[in-house]
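The values are calculated or read from the model by the stated rules, or taken from the named source; none is laboratory data. Just so you know, these numbers come straight off a predicted model, no measurement behind them. All Cβ positions, even for glycine, are placed from backbone atoms using ideal geometry, and neighbour counts span all protein chains on display.
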Amino acid sequence: MFQGSSISDGDWDHFRSLFDRFSVVFACPQHEAAFRSDLSRYLVLLLSANEHTNLTSIRSFDVGLWKHLYDSLVLVACEPLGSVLDWGTGGGLPGIPLALLRRSIGSTCSVSLLDSVKKKAALVSVFCRELGLVDCSVFSERGETIVARSKFESVVMRAVAPPDRAIPWMVRSVKRYVFMTGPAQVADWRGSVHLAEKRGFGLVDIQEFVLPEGGGTRFLVRFHQK
């Protein structure tokens, strides 16, 4: 169904403008071409697996291009994040697109992917293997357990939980937290800054991104240790 789907030249121009905006420099044209191809391949893997396992409500390559791939890659606005834990990765978002980008620009910082649902974590492991992301670790445990025993510089959560649930998970062994959310939840995050401050984290900023092709608005809510 999705065989042969790929990012067109016109669509890649939108991606390219995002990377140019944040000064992402590819080592050579071949690396950029491989990255573009890998993103397409990943989205095909995700949507194909979604036909038998519920990973996403999105069924279209064209919609997934903006609401999954581009939406994940706005994380370039937060780099450098160092070693990252993608907590609640689902089908590998945003961790796999970020790992593919880092590989294409020669970054050695690790990306780990966590989902408490074993079936989802197993599929993410398959995706990483198919994409040659040999350095990506995949976990199927509670996030609190992984963070307690591992060293991550940053934790990223994409639409995992509202602030009243997510903020109590924040621990000072992690330097940075990035919460990726839609417009309906932004007011809740703004109103919960005091909860994060009690845990020793200050709000850095809330960045807004408008996705191309009518993909909607996304926000990055960033907290750093005080």
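Give all pairs with beta carbons closer than 6 Å in which a residue from segment 52-77 that is assigned to a helix (DSSP H, G or I) and at pLDDT 95 or above meets a residue that is acidic (Asp, Glu) and surrounded by fewer than 23 Cβ atoms within 10 Å (Cβ to Cβ); count only pairs at least 6 apart in sequence or on separate chains.
Partner pairs satisfying both residue conditions: Trp66/Glu213.
For segment 78-95, how many residues are under 9 Å from the mean Cα position of the chain (by Cα) and either among the polar types (S, T, N, Q) or assigned to a helix (DSSP H, G or I) (or both)?
Final tally of qualifying residues: 2.
Looking at Val204, Val156 in this structure, which one is of a type in the set (Val, Ile, Thr) and touching a residue at least 60 places away in the same chain (Cβ under 8 Å)?
Working: Val204 fails: touching a residue at least 60 places away in the same chain (Cβ under 8 Å).
Answer to the check: Val156.
Please determine whether any residue of segment 106-118 is more than 30 Å from Gln225 (Cα to Cα) and in a helix (DSSP H, G or I).
Filtering segment 106-118 for residues more than 30 Å from Gln225 (Cα to Cα) gives 118.
Okay, now just the ones that are also in a helix (DSSP H, G or I), so 118.
Checked segment 106-118: at least one residue is more than 30 Å from Gln225 (Cα to Cα) and in a helix (DSSP H, G or I).
Could you run through segment 18-36 and say how many residues are among the aliphatic types (A, V, I, L, M), within 19 Å of Gly132 (Cα to Cα) and either buried (at least 19 other Cβ atoms within 10 Å of the Cβ) or touching a helix residue (DSSP H, G or I) at 6+ places or on another chain (Cβ under 7 Å) (or both)? Outline the logic, then answer.
So in segment 18-36, the residues among the aliphatic types (A, V, I, L, M) come out as 18, 24-25, 27, 33-34.
From what's left, within 19 Å of Gly132 (Cα to Cα): 27, 33-34.
After this cut, where a residue has to be either buried (at least 19 other Cβ atoms within 10 Å of the Cβ) or touching a helix residue (DSSP H, G or I) at 6+ places or on another chain (Cβ under 7 Å) (or both) as well, the list is 34.
The total comes to 1.
Determine which member of the set Thr145, Thr181 is of a type in the set (S, T, N, Q) and loosely packed, with under 14 Cβ neighbours inside 10 Å.
Working: Thr181 fails: loosely packed, with under 14 Cβ neighbours inside 10 Å.
That would be Thr145, the only listed residue that is of a type in the set (S, T, N, Q) and loosely packed, with under 14 Cβ neighbours inside 10 Å.
All but one of (1) within 22 Å of Gly215 (Cβ to Cβ); (2) touching a helix residue (DSSP H, G or I) at 6+ places or on another chain (Cβ under 9 Å); (3) surrounded by 14 or more Cβ atoms within 10 Å (Cβ to Cβ); (4) in contact (Cβ under 8 Å) with a residue 12 or more places away in the chain hold for Val84; which doesn't?
Unmet for Val84, out of (1) within 22 Å of Gly215 (Cβ to Cβ); (2) touching a helix residue (DSSP H, G or I) at 6+ places or on another chain (Cβ under 9 Å); (3) surrounded by 14 or more Cβ atoms within 10 Å (Cβ to Cβ); (4) in contact (Cβ under 8 Å) with a residue 12 or more places away in the chain: (1).
For segment 134-153, enumerate the residues that are without any contact (Cβ under 8 Å) to a residue 60 or more places away in the chain, of a type in the set (A, V, I, L, M, F, W, C) and not in a helix (DSSP H, G or I).
The answer is Val134, Cys136, Val138, Phe139.
Among the residues of segment 147-159, write down those that are at pLDDT below 95 and either touching a Phe, Trp or Tyr at 6+ places or on another chain (Cβ under 6 Å) or not aliphatic (A, V, I, L, M) (or both).
Answer for segment 147-159, where residues must be at pLDDT below 95 and either touching a Phe, Trp or Tyr at 6+ places or on another chain (Cβ under 6 Å) or not aliphatic (A, V, I, L, M) (or both): Arg149, Ser150, Lys151.
Pull out all pairs, ordered by first then second residue, where Cβ-Cβ is under 8 Å, the residues are six or more apart or on different chains, the first lies in segment 167-191 and is in contact (Cβ under 8 Å) with a residue 12 or more places away in the chain and over 17 Å from Gly216 (Cα atoms), and the second is surrounded by fewer than 16 Cβ atoms within 10 Å (Cβ to Cβ) and of a type in the set (Val, Ile, Thr).
These pairs meet every condition: Trp189/Ile206; Arg190/Ile206.
May I ask you to verify whether Leu39 is assigned to a helix (DSSP H, G or I), buried (at least 18 other Cβ atoms within 10 Å of the Cβ), free of Cβ contacts under 8 Å to residues at least 60 places away in the same chain and not charged (D, E, K, R)?
no
Exactly one of (1) at pLDDT below 95; (2) on the phi < 0 side of the Ramachandran plot is unmet by Val204. Its number?
Among (1) at pLDDT below 95; (2) on the phi < 0 side of the Ramachandran plot, Val204 violates only (1).
Residues are listed down the side, and each one gets a yes or a no for (1) of a type in the set (A, V, I, L, M, F, W, C); (2) out of contact with any helix residue (DSSP H, G or I) (no Cβ under 7 Å at 6 or more places or on another chain); (3) assigned to a strand (DSSP E or B):
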residue: Pro97; (1), (2), (3): no, no, no
residue: Leu100; (1), (2), (3): yes, no, no
residue: Phe127; (1), (2), (3): yes, no, no
residue: Gly132; (1), (2), (3): no, yes, no
